[in-house]
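Asks: To start, I am sharing the structure in question, which I have written as structure tokens.
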Amino acid sequence: MRESLVRKSDVSRSTPIIAVTEASLTETLAGLGESAAAWCEANDFTGKASTFQLVPGLKEEGAAVLFGVEDTGLPHPFALGGLAKGLPAGDYHLADGFPDPEQAALGFALSAYKFERYLSPAGKTRRLAVGGDVDLDRIGIVLDGVQLARDLINTPANDMGPEELASEIEELFSANGGSGRIIVGDDLLTENFPMVHAVGRASARAPRLADFTWGAEDAPKITLVGKGVIFDTGGLNLKPGSSMSLMKKDMGGAANVLGLASMIMKAKLPVRLRVIVPCVENAVSGNAFRPGDILQSRKGLSVEIGNTDAEGRLVLGDALALADEENPELLIDMATLTGAARVALGPDLPPFYTKDEELADDISVMAEASTDPLWRLPLWQPYMKYLDSKIADINHINTTGAGFAGSITAALFLSKFVENTDSWVHFDIYGWTPAEKPGKPSGGEAQGIRCLFDLVSERFSTTQ
Ligand code: BES
Ligand code: MN
Ligand code: ZN
């Protein structure tokens, strides 16, 4: 993805991409010559927004690409993505008519992503050559983080187990000079992570908790917690096949916080970063946890199990309790937590929850500015009563049976495990693009982390 953007000075010759509108097409073609006009006519290219046409260019240029935009500019900030998939391999650059070349380049590169781990090496690719007006260093850092998140999600569970996921975290941190520990199997019990152990113990692949830090000890503390369920069968409350088929993506929260951690470390932001990820498989076996079980938790609350398919909030409960013990400046968790979030807002608009009004406002503003859409939903306290249990401190699901407010009640459950930290925000992401869109190839998806990188960069910059 990063390779799809290069400096203009690094390519000997590149084909210009010229923005046209339906109204301006004739004039542009007049400047290009008769064969370009004939070519457009033969291909029925009218300059309609988001369509493109390769035409013979002026003599010294060889060819040119005409790209349809609206009178007001690009039809979508990432509209150029269509070119990243559609053009023949080769080098291109943006000619006149693109108001925000940085945004356009980002859209191109985000769309150029392909999951290649299991494919034979591809040949020549399409590259967009950019000028000095594009901050290639920062875009490269963002693209690396997005690529990491997508690759981790797309990798199937047979090659991305609890051990492999924890190793990815260890490798990312050691490559950037960070360090940490991984607590494995029964050590989770002695170290007091009972819910992580209970959810993960039925798998032949032992559960674990990765806990890594990076940066100066006295810098502001930012902690990221991600749901790392490498596959979610639902456990004894087994999912039907149609609901299980995509569940390799249930470590999408972990993948996204790792993508964000990569951005923060590579940009060397002046923070003390911590990443905590419970890495488990929610599997079926004779020793699986059951509906009706009562689990102890790190926090000390007893938790009645209503449904073993609501496993994410359990492993996150213990991980958040650990994070909360040192009262970080900012605590972010990301999780593919509920189907209800997707029902409420669809796959492309993850809800987030926080009691910190200023943080909420900043996220909403930044989400729009970074074309990384997010929508605030409330931690609506009256629904806390849905989690009442008669025989334990709390139930982890809404047992009143009506299926109301599934994403909100999951967020409320998590809130029980965060006591000291004022700035805590929870993202209930989908982590997947079902059908290709501008800047979003189908498959594993980064959600919210470009926005969060911008937010963290702005809040914690050295110059403030
Ligand atoms: N990983 C799922 C949530 C999920 C499902 C996210 C589909 C995205 C797409 C989670 O572990 C789960 O199964 N949640 C249950 C909770 C229910 C049993 C209370 C759900 O949402 O149905
Ligand atoms: Mn589940
Ligand atoms: Zn799950």
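The values are calculated or read from the model by the stated rules, or taken from the named source; none is laboratory data. In this text the structure is predicted, and so the values were computed from the model without any measurement. A quick note on method: Cβ atoms are made from the backbone with ideal geometry, for glycine too, and the neighbour counts reach across all protein chains shown.
Asks: Restricting attention to strands (runs of 3 or more DSSP E) lying wholly within the stretch 1-59, give those where 2 or more residues are in contact (Cβ under 8 Å) with a residue 60 or more places away in the chain and in contact with a strand residue (DSSP E or B) (Cβ under 7 Å, 6 or more places away or on another chain).
Replies: Correct list: 5-7, 15-20.
Asks: Of everything in the stretch 302-319, what is more than 14 Å from ligand 3 (Cβ to nearest atom) and surrounded by fewer than 24 Cβ atoms within 10 Å (Cβ to Cβ)? Give them in sequence order.
Replies: Correct list: S302, E304, G306.
Asks: Let me ask another. Of the residues L83, L110, which is hydrophobic (A, V, I, L, M, F, W, C) and over 21 Å from A261 (Cβ atoms)?
Replies: L83
Conditions (1) within 22 Å of V229 (Cβ to Cβ); (2) at pLDDT 95 or above; (3) buried (at least 17 other Cβ atoms within 10 Å of the Cβ), marked per residue:
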| position | (1), (2), (3) |
| --- | --- |
| K355 | no, yes, no |
| P378 | no, yes, no |
| P382 | no, yes, no |
| H396 | yes, yes, yes |
| H426 | yes, yes, yes |
| P434 | yes, yes, no |
| F453 | no, yes, yes |
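Asks: May I pose another question? Can you tell me how many residues within the stretch 175-231 are part of a strand (DSSP E or B) and within 16 Å of ligand 3 (Cβ to nearest atom)?
Replies: Final tally of qualifying residues: 6.
Asks: Which one of these is farther than 20 Å from I332 by Cα and either in contact with a Cys (Cβ under 6 Å, 6 or more places away or on another chain) or not hydrophobic (A, V, I, L, M, F, W, C) (or both): N420, N395?
Replies: On the way: N420 fails: farther than 20 Å from I332 by Cα.
Sole residue among the options that is farther than 20 Å from I332 by Cα and either in contact with a Cys (Cβ under 6 Å, 6 or more places away or on another chain) or not hydrophobic (A, V, I, L, M, F, W, C) (or both): N395.
Asks: Return the residue satisfying two criteria in turn: it lies in the stretch 290-303 and is in contact with a Leu (Cβ under 8 Å, 6 or more places away or on another chain) and not polar (S, T, N, Q), and of such residues it is nearest to ligand 1 (Cβ to nearest atom).
Replies: Ranking the candidates gives P291 first.
Asks: Taking only the stretch 115-128 into account, find how many residues are charged (D, E, K, R), at pLDDT 95 or above and either within 16 Å of the chain's Cα centre (by Cα) or closer than 23 Å to R13 by Cβ (or both).
Replies: Looking only at that region, the number is 1.
Asks: OK, next. Would you check if there is a residue in the stretch 224-244 being surrounded by 18 or more Cβ atoms within 10 Å (Cβ to Cβ), away from ligand 1 (no atom under 16 Å from the Cβ) and within 24 Å of the chain's Cα centre (by Cα)?
Replies: Yes, the stretch 224-244 contains a residue that is surrounded by 18 or more Cβ atoms within 10 Å (Cβ to Cβ), away from ligand 1 (no atom under 16 Å from the Cβ) and within 24 Å of the chain's Cα centre (by Cα).
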